[in-house]
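In what follows, a single structure is set out as structure tokens and then discussed.
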């Protein structure tokens with residue numbers, strides 16, 4: 001079953017600026033080969049359940065190496081027989097409203 005998985009992960013014990021921890025996760029995500037989109041509040045992956053959860057697991061394990069408390073939020077939209085939804089869901093809404101939306 002194909003899914004869109006949106007997640008955010010951040011340490012609670014590293015102060016206010018967390019960009020370097022996010023960057024480490026993005027290296028893992030980018031190297032995974034799983035299609036993704038970064039947004040200001042997290043990252044959306046598109047793929048099969050096991051491959052997406054493997055990416056989340058690797059990000060968590062990397063963060064846990066030097067962070068003692070980690071917040072993880074995950075939202076999943078699983079749908080049989082559909083792929084390419086990272087692009088198509090946005091395109092459909094843009095067609096309905098009749099214009100390109102901010103990206």
Original post:
Semi-axes, largest first, in whole Å: what does sqrt of 5 times each Cα gyration tensor eigenvalue give for the chain?
Top reply: 27, 17, 10
Original post:
Taking only DSSP H segments of four or more residues, each worth -39500 (n - 2.57), what value at 222 nm results for the chain once the sum is divided by all its residues, to the nearest 500 deg cm²/dmol?
Top reply: -13500 deg cm²/dmol
Original post:
How far, in degrees from 0 to 90, does helix 85-97 lean away from the longest principal axis of the Cα atoms of the chain, to the nearest 10?
Top reply: 50
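Could you tell me the calculated FRET efficiency between residue 80 and residue 16, based on Cβ-Cβ distance and R0 = 41 angstrom, to the nearest 0.05? Provide the component values of the computation, followed by the final result.
Details: r = 42 Å, r/R0 = 1.02.
Once the sixth-power term is evaluated, E becomes 0.50.
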**OP:** Please give the helix 19-32 orientation as an angle from the longest Cα principal axis of the chain, in degrees from 0 to 90, rounded to the nearest 10.
**Re:** 60
Original post:
Helix 49-64 sits at what angle to the longest principal axis of the chain, using alpha carbons and giving 0 to 90 degrees rounded to 10?
Top reply: 30
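Run the numbers for residue 68 and residue 37: contour at 0.36 nm per residue of separation, minus the present Cα-Cα distance, in nm. Provide the component values of the computation, followed by the final result.
Values: separation 31, 0.36 × 31 = 11.16 nm, distance 2.72 nm.
Taking 0.36 nm per residue and subtracting the Cα distance, the gain is 8.4 nm.
Coordinate-derived values only; no laboratory data. Predicted model only: the values in this text are computed from it and were never measured. Every residue, glycine among them, receives a Cβ derived from its backbone with ideal geometry; neighbour counts consider all protein chains shown.
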